[in-house]
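Worksheet: the structure to be examined is printed underneath.
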Amino acid sequence: MRVTKLVVGILLLVLAAWLLVDGIANGILGIWTDPNYVYASLEIILAGLFIGAGVVYIVQEDSPFLGGDITGLILLVIGGIIGIVGGFMDRWMFLYAVISLVVGVGFFIWHSKTCEDI
């Protein structure tokens, strides 16, 4: 689980960097499509939540306790809700919502099942 949390934390940070670039370039500046400020702000907020969850997973990779997983679960469920709301403006946000919910809920269930003695 330690290596998986580290890899997923790094991938969340990379995805957050992409969301920041896309939110600024596409949503605010309108380089690829017409500007949509609501979509851009949701994408930037989602990037911030992914950065927070990625850092939590990297820092708490070796912890046997559920604190990091609960924090990641809360951040990524909020990100999933934002992704579902933003998905009605751009269908890529549905993908980000699914990634967010699968990672957050998946790690929480996995860690709670493997560490039942704590």
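May I ask you to say which residue of GLY87, GLY54 is surrounded by 21 or more Cβ atoms within 10 Å (Cβ to Cβ) and either among the small types (Gly, Ala, Ser) or over 10 Å from the mean Cα position of the chain (by Cα) (or both)?
Values: GLY87 fails: surrounded by 21 or more Cβ atoms within 10 Å (Cβ to Cβ).
Only one candidate passes the filter, namely GLY54.
Can you tell me which residues in segment 23-81 are part of a loop (DSSP other than H, G, I, E, B), over 18 Å from LEU11 (Cβ atoms) and touching a residue at least 40 places away in the same chain (Cβ under 8 Å)?
Residues of segment 23-81 that are part of a loop (DSSP other than H, G, I, E, B), as a first pass: 29-36, 60-66.
In the following step, the residues that additionally are over 18 Å from LEU11 (Cβ atoms) were identified as 29-36, 62-66.
Selection gives ASN36, ASP62, PRO64, PHE65, LEU66.
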* Structure fact -> Among the residues of segment 3-51, the number that are under 13 Å from the mean Cα position of the chain (by Cα), charged (D, E, K, R) and surrounded by fewer than 18 Cβ atoms within 10 Å (Cβ to Cβ) is 0
* Quick check: anything in segment 1-19 assigned to a loop (DSSP other than H, G, I, E, B) and of a type in the set (S, T, N, Q)? -> no
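FYI, it's all coordinate maths here, none of it is from the lab. All values derive from a computational prediction rather than experimental measurement. Here the Cβ is made from the backbone with ideal geometry for all residues, glycine too, and neighbour counts use every protein chain on show.
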